[in-house]
Amino acid sequence: MATKTKPGIPKESINLNGNGHSNNGTEPKRLEVLKTYKIYIGGQFPRTESGRYYHATNGKGELLANVCLSSRKDFRDAVVAARAAFGGWSARAAFNRGQILYRIAEMLEGRKAQFIDELMKQDSTRAQAEAEVNLAIDRFIYYSGWCDKFQQIFSAVNPVASSHFNFSVPEPTGVVAAIAAQDSSLIGLVSVIAPIIAGGNSCVVLASNTKPLCAVTFAEVLNSSDLPGGVVNILTGKVAELVPFFADHMDVNATVYCGAEANMQQMIKEKSALNVKRVQIYDKVKWMSEEAQSPYFIMDLQEIKTTWHPIENIGGAKAGY
Amino acid sequence: MAVKKSNTIKLKFDSARNLAPAPESKSAAKINERYDLFINGKFEKPSGKKYFATINPANEEKLADVAEANNADVNKAVTAARTAYEKVWKKTAPKERAKYIYRIARMIQERAREFAVIETLDGGKPIRESRDFDVPTAANHFFYYAGWADKLEYAFPNRNAQPLGVAGQIIPWNFPLLMAAWKIAPALATGNTVVLKPAETTPLTALKLAEIIREADLPPGVVNIITGAGETGAAIVNHPDINKIAFTGSTNVGKIIQRAIAGTNKKATLELGGKAANIIFDDAPLDQAVEGVINGIFFNQGHVCCAGSRLYVQESVYKTVVQKLKDRMETLIVGDPMDKNTDIGAINSKEQLETINKYLKIGQQEGAEMYQSACSVPRKGFYCRPTIFTNVAQSNRIAQEEIFGPVLTIQSFRTDDEVIEKANNTPFGLSAGVWTDKGSKIFNLTTKLRAGVIWANTYNKFDPVSPFGGYKESGYGREGGLHGLQAYINLV
């Protein structure tokens, strides 16, 4: 397999992988089929409607792929898809959501080599790449287990003083617009998506701008994991260009920003006020660490619903819980 | 004019037996002529030397002059709160914190009647409501949260709850004492100190609470209560040494606050407006449902963020329900809030009455049919007769915007899916009501309505153990119950 270069112009002299397929024998060289990196909206892989692209490169500046430079319209299309998917996904049995998250981990496991390859192209060592992919798989297993458990931990039956049954349960916030960590290709993305969908939300996620390859391949994993189309939508593009739209879209219920830029944080919080979005800033989380996973990440994007119902009160005996 | 035939029995109590006036005595309440700012355990004169009047909306008579806090006063209060936090409160043993809060609860109970009378005089709500609901619920709220102070390690599994620091709290005029309790009690229990600003039209019970806090020997500066209008509130929101803003009020102001603190690390909980759907299915016990609708919209003159202001009635019982509602409305007594027979008291302020009247006009201009009960209202003071609108379209402003008065819109529906769609079709999501005899239908509805509090076959019930707060533009964060603790802590 040759290293991917600019599509259509194979550079035979470059062979970062050193896997012995360079054309040094008498055997006629088989031309590698290069992958087109597209975005993921509503369970489909369109190119950006804008027709724009940018170069994803490795640390040496070598071209890895032409990647979609997503537009505001792409984002809005993705929100429409996410909103449409929200009702069905949030209404799924929690157990079923757990199975689908487990299925995502299974698919990820099967594609391990591809992710390691992509991570290495994006400057990881083999050891780093393997660790990141393994953790990404395990993180989905972790959150798969939480799908039907966090509600039990964070619910309450409230002993009100009147004759009523009263209980409080978490429910998903709705459509979440998330900007994934920019310094990793896979683990940052996975760590932000998993708790969002484990909690029954749908989302639009902006991938790492400089390391976008794994995000698109991860979309292919999602697409083969029984996850309904639209529950997760993945865009590639420029953070500074898209963030304002993520934060002020009126049909988005929450914004998540995994970054430390103060200006960006302020702008997101300000624009989110337009429709009282919930804002979660994860600027100190080390995504490769154990602290980057907990049911509190799920709860960050949940609402608490409290329901009351009277208890019949016959013969003067007051019933209650 | 032809007489309209009605199948329901008219419940005209006032014609059958006119109730004699039953006024509550004012003697229980001592109101000073002038109130200063409660800062660092003392009542201090405002540095701007300005005072404003608070009036009784039932007769427009002045009750007292109240200090207006300016930036310097806010700064003083925040400094006092910061010092108390660092030097005293943070180091106070949780079980001792608890005992202070228990004391406050007990002292409110001891002076309950005084609080009820002042609440009614200052805010216009019926004495029956302030006596039986506002004041006891406020005391209970302190009592409930007091017990959490030394049990926080059980509340958040695998995490340690740390206080945030100084909480700036801004509360509305509809439940003045109760909102103060909702804000102060959990903040103190979790180890924070407080700067609280009551609404400018209803400052008196919060200032009475300040007296209690002093009597309870709470360390100076742990709770500071300062009065003023919007500018004072803005000074609290923008003060750099505040760690947390807790606000209850309109969605517009909530958005301004969210923007104002965007560049800071201040945490916020916002409890904002609502436009709740109250849904009656054809199998509901209609008389009970009608009582629930009356309570849902006319409780506290409709000055309730979770008021059931949009009624949806299934088509087959629509006419019956509307007729029953009109009949029941005729029995409501509108008038002197101090009278124990009064159902609907005074509108809280002239401005609010003007807002309500504006919407009554808008509703009629939009083509909706207005019906008001025939009762008389006092000449002086601010009053609004209970009002319903029929022939309302989903897009009408009266069905979309929060009116915050005794005004109900009524629409019909046919199917479950239709009414879920209509009920959720609003930027708000604070509360909702469902009336049906069928358990499975209740849970179908309660799981699909996007709102923080759902009352099924009941309405407008509150309890200290029960979390309250909204979805969507009704705000975020919860007050009350275990979940209400989260608003005042960092998890580490």
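Among the residues of the range A:288-312, those identified as over 24 Å from residue B:306 (Cβ atoms) and either surrounded by 12 or more Cβ atoms within 10 Å (Cβ to Cβ) or at the interface with chain B (Cβ under 10 Å from one of its Cβ atoms) (or both) are A:288, A:292, A:293, A:294, A:295, A:296, A:297, A:298, A:300. Do the conditions hold for residue B:115, that is, is it of a type in the set (Phe, Trp, Tyr), more than 14 Å from every other protein chain (Cβ to nearest Cβ), touching a residue at least 60 places away in the same chain (Cβ under 8 Å) and assigned to a helix (DSSP H, G or I)? Considered against the rule, which asks whether it is of a type in the set (Phe, Trp, Tyr), more than 14 Å from every other protein chain (Cβ to nearest Cβ), touching a residue at least 60 places away in the same chain (Cβ under 8 Å) and assigned to a helix (DSSP H, G or I), residue B:115 comes out as yes. With the structure loaded, tell me whether residue A:153 is in contact with a helix residue (DSSP H, G or I) (Cβ under 7 Å, 6 or more places away or on another chain), facing chain B (nearest Cβ under 10 Å) and surrounded by fewer than 21 Cβ atoms within 10 Å (Cβ to Cβ) or whether it fails that test. Yes; evaluated as a whole, the condition is true for this residue. Here A:94, A:177 are screened, and the one residue that is surrounded by 21 or more Cβ atoms within 10 Å (Cβ to Cβ) and either within 25 Å of residue A:74 (Cα to Cα) or modelled with pLDDT of 95 or more (or both) is A:177. Whether any residue in the range B:95-102 is touching a helix residue (DSSP H, G or I) at 6+ places or on another chain (Cβ under 6 Å), in a helix (DSSP H, G or I), among the hydroxyl-bearing types (Ser, Thr, Tyr) and not assigned by TED's automatic domain parsing to the domain that holds residue B:350 is what I want to check. Within the range B:95-102 (the criterion being touching a helix residue (DSSP H, G or I) at 6+ places or on another chain (Cβ under 6 Å), in a helix (DSSP H, G or I), among the hydroxyl-bearing types (Ser, Thr, Tyr) and not assigned by TED's automatic domain parsing to the domain that holds residue B:350), the answer is yes, since at least one residue qualifies. Which condition breaks for residue B:389 when tested against (1) assigned to a loop (DSSP other than H, G, I, E, B); (2) away from chain A (no Cβ under 14 Å)? That leaves (1) as the condition not met. Within the range B:262-289, the set of residues being of a type in the set (Gly, Ala, Ser) and more than 9 Å from chain A (Cβ to nearest Cβ) comprises B:268, B:273, B:274, B:276, B:277, B:284, B:289. Across the range A:255-277, the number of residues qualifying as in contact with a Cys (Cβ under 9 Å, 6 or more places away or on another chain) and under 24 Å from residue B:426 (Cβ atoms) comes to 0. Of all residues in the range B:239-261, those being in contact (Cβ under 8 Å) with a residue 40 or more places away in the chain, more than 11 Å from every other protein chain (Cβ to nearest Cβ) and either β-branched (Val, Ile, Thr) or in a loop (DSSP other than H, G, I, E, B) (or both) number 8. Among what's in the range B:473-489 and is more than 7 Å from chain A (Cβ to nearest Cβ) and at positive phi, pick the residue that is surrounded by the fewest Cβ atoms within 10 Å (Cβ to Cβ). Here the residue is B:477. Among residues of the range B:117-167 being farther than 30 Å from residue B:334 by Cβ and of a type in the set (D, E, K, R), the one that is surrounded by the fewest Cβ atoms within 10 Å (Cβ to Cβ) is B:153.
Restricting B:34, B:97 to residues that are surrounded by 20 or more Cβ atoms within 10 Å (Cβ to Cβ) and among the basic types (Lys, Arg) narrows the list to B:97. Screening residue B:275 on (1) free of Cβ contacts under 8 Å to residues at least 60 places away in the same chain; (2) surrounded by 24 or more Cβ atoms within 10 Å (Cβ to Cβ); (3) charged (D, E, K, R) shows it passes everything except condition (1). Among the residues of the range B:450-471, those that are more than 7 Å from chain A (Cβ to nearest Cβ) and over 15 Å from the mean Cα position of the chain (by Cα) comprise B:450, B:451.
If I go through the range B:293-311 residue by residue, how many of them are surrounded by fewer than 24 Cβ atoms within 10 Å (Cβ to Cβ), farther than 16 Å from residue B:356 by Cα and not polar (S, T, N, Q)? Looking only at that region, the number is 1. Just one of (1) under 22 Å from residue A:212 (Cβ atoms); (2) over 19 Å from the mean Cα position of the chain (by Cα); (3) in contact (Cβ under 8 Å) with a residue 12 or more places away in the chain fails for residue A:148. It is (1). Within the range A:272-321, the set of residues being of a type in the set (Ser, Thr, Tyr), touching a residue at least 12 places away in the same chain (Cβ under 8 Å) and in a loop (DSSP other than H, G, I, E, B) comprises A:282, A:321.
Checking each residue of the range B:319-330 against the condition of being under 18 Å from residue B:413 (Cβ atoms), in contact with a strand residue (DSSP E or B) (Cβ under 6 Å, 6 or more places away or on another chain) and not assigned by TED's automatic domain parsing to the domain that holds residue B:62 gives at least one match.
Mind checking whether some residue in the range B:435-449 is free of Cβ contacts under 8 Å to residues at least 60 places away in the same chain, within 23 Å of residue B:250 (Cβ to Cβ) and not polar (S, T, N, Q)? Taking every residue of the range B:435-449 in turn, none turns out to be free of Cβ contacts under 8 Å to residues at least 60 places away in the same chain, within 23 Å of residue B:250 (Cβ to Cβ) and not polar (S, T, N, Q). Taking the listed residues A:276, A:252, A:256, the one that is at positive phi and either among the aliphatic types (A, V, I, L, M) or within 11 Å of chain B (Cβ to nearest Cβ) (or both) is A:276, with no other qualifying. Criterion applied to A:194, A:215, A:181 was being within 11 Å of the chain's Cα centre (by Cα), under 25 Å from residue A:131 (Cβ atoms), touching a residue at least 12 places away in the same chain (Cβ under 8 Å) and assigned to a loop (DSSP other than H, G, I, E, B), and the one residue passing it is A:181.
Here's the yes/no breakdown for (1) in contact with a strand residue (DSSP E or B) (Cβ under 9 Å, 6 or more places away or on another chain); (2) surrounded by 24 or more Cβ atoms within 10 Å (Cβ to Cβ); (3) at pLDDT below 95; (4) within 11 Å of residue B:311 (Cα to Cα):
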| residue | (1), (2), (3), (4) |
| --- | --- |
| B:384 | yes, no, no, no |
| B:392 | yes, no, no, yes |
| B:413 | yes, no, no, yes |
| B:427 | no, no, no, no |
| B:434 | yes, yes, no, yes |
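Would you be able to say whether some residue in the range A:165-173 is closer than 21 Å to residue A:192 by Cβ, β-branched (Val, Ile, Thr) and assigned to a loop (DSSP other than H, G, I, E, B)? Scanning the range A:165-173, I find at least one residue that is closer than 21 Å to residue A:192 by Cβ, β-branched (Val, Ile, Thr) and assigned to a loop (DSSP other than H, G, I, E, B), so the answer is yes. Taking the range B:453-470 as the range and being touching a Lys or Arg at 6+ places or on another chain (Cβ under 8 Å) and closer than 12 Å to residue B:306 by Cβ as the test, the residues that pass are B:453, B:454, B:455, B:468, B:469. Within the set B:187, B:199, B:229, the sole residue that is more than 21 Å from residue B:82 (Cα to Cα), surrounded by 20 or more Cβ atoms within 10 Å (Cβ to Cβ) and of a type in the set (Gly, Ala, Ser) turns out to be B:199. Just checking, does the range A:229-238 include any residue being in contact with a Gly (Cβ under 9 Å, 6 or more places away or on another chain), crowded, with 21+ Cβ neighbours inside 10 Å and in a helix (DSSP H, G or I)? No, that holds for no residue. Scanning the range B:57-69 for residues that are buried (at least 19 other Cβ atoms within 10 Å of the Cβ) and of a type outside the set (A, V, I, L, M) yields B:57, B:68.
The values are calculated or read from the model by the stated rules, or taken from the named source; none is laboratory data. Please read these numbers as outputs of a predicted model, since none were measured by experiment. As a convention, Cβ positions derive from the backbone with ideal geometry for all residues, glycine included, and neighbour counts pool all protein chains shown.
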